[in-house]
Amino acid sequence: MTKQKESERFHAGTLTDGWRWFGAHPETRGEQTGWAFRVWAPHARSVSVVGDFNQWDPKAHRLSRKGEIWGGFVPNLPRYTNYKYAVTGADGQTHLKADPYAFHAETRPDTASKLYDLAGFRWSDGAFHKKQAEHPVSSSPLNIYEVHLGSWRRRENGDFMDYRDLARQLAAYVKEMGYTAIELLPVTEHPLDDSWGYQCTGYFAPTSRFGTPEDFQWFVNHMHKNGIAVLLDWVPAHFCKDEQGLYEFDGTCCYEYSDPNKWEHADWGTRVFDYGRPEVKSFLLSSARFWLEAYHIDGLRVDAVASMLYLDYGRQGGAWTRNRDGGRENLEAIDFLRELNAMAFTVNPNVLMIAEESTAWPLVTRPADAGGLGFNLKWNMGWMNDMCHYLKLDPWFRQDHHKDITFSMMYAFSENFVLPISHDEVVHMKGSVVGKMPGDYENQLRCLKGFYAYLLAHPGKKLLFMGPELGQWHEWDANGQLDWYLLDKPENQQIHRFFQQINAFYRKEPTLWEIDFDWAGFEWLVPDDNHNNVVVFLRKDRKGRDLLCAVNFSPNSYEGYRMGVPPHRKYVPAFNTDDVSYGGDGFGDQEAVMVEEIPSHGKEHSAAIRIPAFGAVFLRGEGTYPRPRKKKQVAKELEKK
């Protein structure tokens, strides 16, 4: 492919591997080895490459212009050389800009790009990818451990761990705990720690806080060799206004909208990408593809999708511009998201494209040709908000808010949902997951176990932010680390064991994940017992086997709790959150519960079980209830005798 064709694709918005052409790449010209540079700056008066190697002199290594793209060659530069572009705008002002396509960058507070060649890393994760291809997400277990690398664990002196040490410890931990995947808060380069990575400057560079690009390749490869999928939070909704970043890159609005009613999210202090500009589309599509190809990432969780879809998102007082049809929908962003997802599934048919979308926008996880956006998973933000509200309530008042734990089933199969308890729910005075629960610490741990069992049993894939498995009682601190010292205490060892064993139970139990996106995998048994704060339902697999799930959000234990059930012979206890090994009292059925021909809840048969306070029990249906013998059959048997 010639450079001319690449340029044409870039300007058409269809260049999806722009990192191969833009940025800095090692090259030999004649007898000289050096680096070729290429950057888009359509309104610039001049562009040059500057760094320590030329005393940051804009006159030393000027780039030549071809249309809107500037390029040039600088010989004899070693790997890791710091550089920026000196971009002089039409107003005569010169600004030093990091390379938008750089593979590596200085560690904050320094902001220069670094020369780096990605070639040479030897991947050894082929077996993992083959296995992933054989197990589509729709009918496989997906239990995601959401991680902020900077605060999961630190060195004894408080410094960050590097990618390789993180990989070794995190892979071992995630395997031990039974999660199937990790989702990383953004690792794209960013200047401010407190943004957690959501305000990026380097869309092609893993942050240097934890090491080099090769170190991050090693991180992903090591995770894959341990059977763990790696998902990244990716932010195409907005970017920060730091001087060295994309902000007014050539002295004018280049990557962002030029319309003042569209160009900024004032609440976040960030600029909004111009999704209608072909060159910006090429940039973003290339960034997404880059992580999937160059780093073997298994999926992208696309952040803040709602802010992309609505032109009036976060804009008060009518300060927004309508679309060409007079509506509030951002038609350019809709087209971009559809193209993004189509491209991603072309790169990897098994990729996970996850939308963090907080409104009732329809068909997010349906194909574009059916009117959808083309994602294959969506965070269920409604479920998350309802649950966080419900868990904070005193148990007495929960009876008036029973819909918080049942309403999600009204729309559970309208999309392919992930049930998230994410980082956003354990920060900014919201408290930890444990801290949301009522009562003393012992009681809170009971509530945590019952709630987590409910999360795993509810239809949908699963996501939990790091920390609850330790019984961590204070909210997340991005500038510290998890409270690992808690594992020295018996009650925290017990909650840790609970998470290990219920995660293992989830992975081995097809009823909990084989049919997550259809009514065929779920049946209510008791949806309306608000006075007792109890819900009971069945989860089913493709072979017709069912698992009875009873969850009790009250402080009362229930003896002989009866509900209508299918005509099995018996229900056999499979898991109990109140097991003594988890710090419970062992309240629950120890032996099989026989099904009886007693009508209940609209069914001819029923069973009476024991449900612990603030707990959950799972029981497997086995056998078939014996059919009653007809009078003629009884008469014949008597005649024979």
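The values are calculated or read from the model by the stated rules, or taken from the named source; none is laboratory data. Values in this document were obtained by computation on a predicted structure and should not be read as measured data. Ideal geometry is used to build each Cβ from the backbone, glycine not excepted, and the neighbour counts take in all protein chains shown. Note: accessible area is taken over every heavy atom of the protein model, side chains too, but ligands, DNA and RNA are not part of it. Shrake-Rupley method; radii C 1.70, N 1.55, O 1.52, S 1.80 Å.
At a glance:
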| read-out | value |
| --- | --- |
| Value of relative contact order over the stretch 278-337, rounded to a whole percent, pairs C-alpha under 8 Å and six or more apart | 24 |
| Ranked by how many other beta carbons lie within 10 Å on average, peptides 156-162, 442-448, 227-233 from highest | 227-233, 442-448, 156-162 |
| Debye-sum result for the stretch 17-136 in log10 I(q)/I(0), which assumes one identical scatterer on each alpha carbon, at q = 0.10, 0.14 Å⁻¹ | -0.37, -0.63 |
| Nearest 10 degrees, 0 to 90: helix 213-225 Cα axis against the chain principal axis | 20 |
| Theoretical ellipticity at 222 nm over the chain - DSSP helices of four or more residues, -39500 (n - 2.57) apiece, nearest 500 | -7500 deg cm²/dmol |
| Rounded if a/c under 1.5, otherwise prolate or oblate - the stretch 450-503, Cα gyration tensor axes | oblate |
| Summed side-chain charge close to Glu415 - residues other than Glu415 whose Cβ falls under 14 Å, Lys, Arg +1, Asp, Glu -1 | -1 |
| Trypsin sites (Lys or Arg not before Pro) within the stretch 482-564: DSSP coil, no more than 14 neighbouring Cβ in 10 Å | Arg542, Lys543 |
| Percent of Cα-Cα distances greater than 24 Å, calculated over the stretch 473-605 | 43 |
| Global geometry of the stretch 134-239, whether rounded, prolate or oblate, following the gyration tensor of its Cα atoms and the 1.5 cut on a/c | oblate |
| Calculated FRET efficiency for the pair Phe505/Gln399, C-beta based, R₀ 35 Å, to 0.05 | 0.75 |
| Scattering profile of the chain at q = 0.05, 0.12 Å⁻¹ [log10 I(q)/I(0), Debye over alpha-carbon scatterers] | -0.27, -1.25 |
| C-alpha center-to-center spacing [the stretch 65-82, the stretch 432-487] in angstrom | 50 |
| Whole-Hz couplings from phi, Karplus 6.51/-1.76/1.60, listed for the stretch 254-264; x for Gly and Pro | 10, 8, 9, 4, 8, 6, x, 7, 10, 7, 9 |
| Cα-based helix-to-principal-axis angle, 381-392 vs the chain, degrees rounded to 10 | 60 |
| Degrees between helix 163-177 axis and first principal axis of the chain (Cα, 0 to 90, nearest 10) | 10 |
| Where the stretch 255-324 is the region considered: accessible area per residue in Å², 1.4 Å probe | 33 |
| For the stretch 242-369: rounded, prolate or oblate by the Cα gyration tensor [a/c cutoff 1.5] | oblate |
| Proximal charge balance of Gly120 [Cβ under 14 Å; K/R count +1, D/E count -1] | -1 |
| Computed accessible area, His496, all protein chains, 1.4 angstrom probe, square angstrom | 20 |
| All Cα pairs of the stretch 341-389, percent lying beyond 13 Å | 59 |
